[in-house]
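First up is the structure itself, then whatever we jot down about it.
The values are calculated or read from the model by the stated rules, or taken from the named source; none is laboratory data. Quantities reported herein were computed from a predicted structural model and do not represent experimental measurements. Ligands, DNA and RNA are stripped out before the accessible areas are found, and what is left, the full protein with its side chains, is counted by its heavy atoms. Shrake-Rupley method; radii C 1.70, N 1.55, O 1.52, S 1.80 Å.
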Amino acid sequence: MSFLLSLINSMPNAIAQGMVYGIMAIGVYITYKIMDIADLTVDGSLCTGGAVCVIMVLNGHHVLVAMLCAVIAGMVTGLITGLLCTKFGIPAILSGILLQLGLYSINLHIMGWGTETFSKSNLAISVDKYNLLASSRFVKAIVPNNPIFSVGIFIIIVIALLYWFFGTEIGCALRATGANQNMARAQGINTSSSKVLALMISNGLVALSGALLAQFQGYADVNMGRGAIVIGLAAVIIGEVIFSKIFRNFALKLLYCVLGAIIYYMVLQFVLKLGLSTDDLKLLSATVVALFLAVPYWKANYAATHVKEGRKC
């Protein structure tokens, strides 16, 4: 009984954290599913968003202005990755790795802005001193202080804007590029520009998630983005496997990324309550992603086997 109560009490925090990472998962969905690009910049741009947001709030800027600057910083990281990929001819996966590596130093300098050392590995921010939009302290509070409510508003806005954007001519060009680059070029679409724009949008969303995450946990840390791409992929794949048969609309596909992230963190909480060491979380994350990646393959093999058996009969 105590285990069940403890699990229930931990669920609001898991849901809120899943929603924060759900915004990042939407960004991963754009590159991974729509554009078919393996972008590893995510691990760096998540921290960039958190670092920019925190340093600006600490320097007296409004939290919304700080978050807007975080999104812009994230879009710049996506722009650089895109240029490395399209103008320098470096494969997308290597471009992401290179920028992720460079962002580690950049993020240290961002958090050390105005200090004597010019670099810091972490930066704390207190909800007692600053008017933050999302704080883990209020996960069980009533609205509007509850982060589930505030992050939920951001999710609705993000999905609505993306649903509108991908219905425009530019958005359709991005989707066409991801579906078939050769056909897109034949239709006069600049596929290089489409890739760069998609990477900018994706990393802008990842940075927004980082800004919310820094507020939620009360600090920005240079390692806060480590393994973020795995969490994003897990959320996308879990959402797709569970909800793809139900959610056909594009907006609902974006929503299932958020639901996938929430499910992911609820499962993590459940496993932690069973006694799993926090040292094994990365291993668990990799295992979850591997299993959900294998499910579509197993289903396809199962269907193909039954079709062959049916023909023999």
Computed over the range 57-119, the convex hull of the Cα set has an average projected area, in nm², of 4.9
Could you tell me the accessible area of ARG226 in Å² (1.4 Å probe, neighbours in place), rounded to the nearest ten? 150
What ³J(HN,Hα) values, in whole Hz, does the Karplus curve 6.51 cos²θ - 1.76 cosθ + 1.60 give for the range 58-69 when θ = phi - 60°, with x put for Gly and Pro? 5, 9, x, 7, 5, 4, 5, 5, 4, 5, 4, 5
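Below 8 Å, C-alpha to C-alpha, sequence gap of six or more: please give me the relative contact order for the chain in percent. Spell out each step's value before the answer.
Numbers: 517 pairs, mean separation 104.6, N = 313.
Once normalised by length, the contact order is 33 percent.
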Just the accessible area per residue of the chain, please: how many Å² with a 1.4 Å probe? 50
Could you list which residues have their amide H under 5 Å from that of TYR219, counting only those 5 or more apart in sequence or on another chain, with H placed in the peptide plane? ILE125
Restricting to aspartates and glutamates and to Cα separations under 16 Å from LYS299, and discarding same-chain partners fewer than 8 apart, the set is GLU240, GLU309
Dividing the Cα convex hull volume of the range 160-236 by residue count, how many Å³ per residue is that? 113
For the range 112-245 (alpha-carbon point model, no solvent) the Debye-based log₁₀ I(q)/I(0) at q = 0.14, 0.20 Å⁻¹ works out to -0.88, -1.26
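I need the per residue convex hull volume for the range 215-271, using only the alpha carbons, in cubic angstrom as a whole number.
Numbers: hull volume 5.8 nm³, N = 57.
Taking the convex hull of the Cα positions in the range 215-271, it is 101 Å³ per residue.
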Which ³J(HN,Hα) values in Hz, rounded to whole numbers, follow from the phi angles of the range 75-90 under the Karplus curve 6.51 cos²θ - 1.76 cosθ + 1.60, where θ = phi - 60° and Gly and Pro get x? 5, 5, 5, x, 4, 5, 4, x, 5, 4, 6, 8, 8, 9, x, 7
Once neighbouring chains are kept in place and the probe is 1.4 Å, which whole percent of the accessible area of the chain is contributed by carbon and sulfur? 66
Using each residue's phi in the range 155-166, evaluate 6.51 cos²θ - 1.76 cosθ + 1.60 at θ = phi - 60° and report the 3J(HN,Hα) Karplus result to the nearest Hz, with x for Gly and Pro. 5, 4, 5, 4, 5, 5, 5, 5, 4, 5, 4, 6
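Report Rg/Rh for the chain, rounded to two decimals, where Rg is the Cα radius of gyration and Rh the Kirkwood radius. Could you put the intermediate results ahead of the total?
Details: Rg = 20.2 Å, Rh = 20.3 Å.
Result: Rg/Rh = 1.00.
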Among LYS87/LYS245; LYS140/LYS282; LYS140/LYS195, which pairs are too far apart, with a Cα-Cα distance over 30 Å? LYS87/LYS245; LYS140/LYS195
When the convex hull of the C-alpha atoms of the range 210-313 is computed, what volume per residue in Å³ does it have? 136
Given 20 °C and 1.002 mPa s, compute D for the range 65-184 with the Stokes-Einstein relation, Rh being the Kirkwood radius over Cα pairs; round to the nearest whole µm²/s. 119
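Given C-alpha coordinates of the range 1-100, what is the ratio Rg to Rh with the Kirkwood estimate of Rh? Mind showing how you got there, number by number?
Numbers: Rg = 17.3 Å, Rh = 15.4 Å.
Taking Rg over the Kirkwood Rh, I get 1.12.
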Residues whose modelled amide H sits under 5 Å from the amide H of LEU40, counting only those 5 or more places away in sequence or on another chain, are GLY96, ILE97
Taking 0.36 nm per residue of sequence separation and subtracting the Cα-Cα distance, how much length would be gained by fully extending the chain between SER121 and SER277, in nm to one decimal? 53.7 nm
